[in-house]
1. About the Cα centre, and with charges only on the beta carbon of Lys, Arg (+1) and Asp, Glu (-1), how big is the dipole of the chain? Nearest 20 debye, please.
2. Would you please put 155-165, 254-264 in order of how densely packed they are, using the mean number of other Cβ atoms within 10 angstrom per residue and starting with the highest?
3. Report the chymotrypsin sites (Phe, Trp or Tyr not before Pro) located in the range 275-342 that are in a DSSP loop and have at most 16 other Cβ atoms inside 10 Å of their Cβ, or state none.
4. If packing is taken as the average count of other Cβ atoms within 10 Å, what order do 329-336, 230-237 fall into, highest mean first?
5. If amide hydrogens are placed 1.01 Å from N in the peptide plane, which non-local residues have theirs closer than 5 Å to the one on LYS232?
6. Just to confirm the filter: which GluC sites (Glu not before Pro) across the range 8-67 are DSSP coil and have at most 12 other Cβ within 10 angstrom of their Cβ?
7. For the range 2-64, what class follows from the C-alpha gyration tensor (a ≥ b ≥ c being the square roots of its eigenvalues): rounded when a/c is under 1.5, otherwise prolate if a/b is larger than b/c, else oblate?
8. Please compute the per residue accessible area over the chain with all protein chains in place, 1.4 Å probe, rounded to a whole number of Å².
Amino acid sequence: MKIQHQFSLQALNSFNINAVTPKIFFPASINELVELSHLHIEQYYVLGEGSNTLFCQQTAPVIIKPSIKGISVEQDEDYFYLSVGCAENWHDLVEYCIEHEIDGLENLALIPGSVGAAPVQNIGAYGVEVERFIDCVSWFDFAKQEVIEFSHNECQFGYRESIFKQQLKSSGVITHVHFKLPKVWQPVLSYQGLNELVPPVSASDVMLKVIQLRQSKLPDPKELANAGSFFKNPVVSATLFSDLQQQYPEMPHYPQKNGQVKLAAGWLIEKSGLKGYRIGDVGVHEKQALVLVNYHKASGQNIAELAHYIQKRVKQKFNILLNTEVRFIGEQGEVTCTEIGSQL
Ligand SMILES: Cc1cc2nc3c(=O)[nH]c(=O)nc-3n(C[C@H](O)[C@H](O)[C@H](O)COP(=O)(O)OP(=O)(O)OC[C@H]3O[C@@H](n4cnc5c(N)ncnc54)[C@H](O)[C@@H]3O)c2cc1C
């Protein structure tokens, strides 16, 4: 198995943070994962392409970067079945599907990152979440030293949530994701921007429109280092929402099936006076308040400090605690923004 020591992670995270790991493993097969499990490493972080990860200290923990590749496709009368290695790039998979007339993933085009990370936070965009197409997930469990299949229901998908972020955190690795895509295609065009498309549309038209919309709204991490939406949209009780709405009638809101109300974190940050806020090399993006950026040589700690400051300001103004979508990784493993903030 490929192993590197004292390895800079700068090229492996979209915030461009120069954290160094004492050791990084690149297991490329189940056999190599078994080999790795024999080492009984206690503290480690599983890294995909680092587009949802903030290394907030200069030293990172031991890194496991699974490198299992490959796409296989089967079909029956009604469905395509794809088994995809965790290290495949997500957008490349979307393009591969569209080229092979396997439709469904087009709304999720251009989301950075690996296929293995997609179920972890149940990636979503333009009215679609990936769980819609996930049949099951293959998980290598380090303690059991074997691959376990998690059915769709067992994955416990929610808004930016899954079992892989909760109970299974730090206990294994997703090796493959298995998709089931219906041959009868149902475009999802309800989202603002996509409703401009005039029928009849193809999945390729939708993908191109999604790419165009995303490129016009979000900074490209290759040009301006960032990790997309930094905070999750908060979901609040109907009572809190109704109090807030009296004060802020224009507040964007999305009623949920369970009676709660989802609010727009970007709007809350903007109304807290922080859109375009910059301190040194870190800032809140000028056009998109939900995106924090590293303008040049910010450290992970600088970004964590800004995130904590934003949390504080939004809490003061709206009495809402914003939770991060981005994963905070310190020297000893995962930490929360609040934990980091209380140490600052
Ligand atoms: C510009 C930009 C735009 C974005 N837009 C969106 C968007 O529209 N919607 C959205 O949902 N997200 C978005 N994101 C966030 C990001 O693209 C997703 O979270 C993506 O799935 C992260 O993939 P990654 O491989 O880079 O994950 P990483 O950052 O490397 O890891 C993320 C999490 O997944 C875990 N993980 C990674 N691989 C594995 C594996 N094989 N097994 C087990 N755990 C694993 C890690 O431990 C970590 O907890 C955006 C990010 C950027 C930079």
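The values are calculated or read from the model by the stated rules, or taken from the named source; none is laboratory data. Given the structure is predicted, the values throughout are model-derived calculations rather than measurements. So basically every Cβ, Gly included, is an ideal-geometry build from the backbone, and we count neighbours across all protein chains shown. Areas reflect the complete protein model, heavy atoms only, side chains present, ligands, DNA and RNA absent. Shrake-Rupley method; radii C 1.70, N 1.55, O 1.52, S 1.80 Å.
1. That gives the chain a dipole magnitude of about 1480 debye.
2. Descending mean neighbour count gives 155-165, 254-264.
3. The qualifying sites are TYR295.
4. Top of the packing list down: 230-237, 329-336.
5. Hits under the 5 Å cutoff: ASN323, THR324, GLU325.
6. GLU42
7. Verdict is prolate for the range 2-64.
8. About 48 Å² of surface per residue is accessible.
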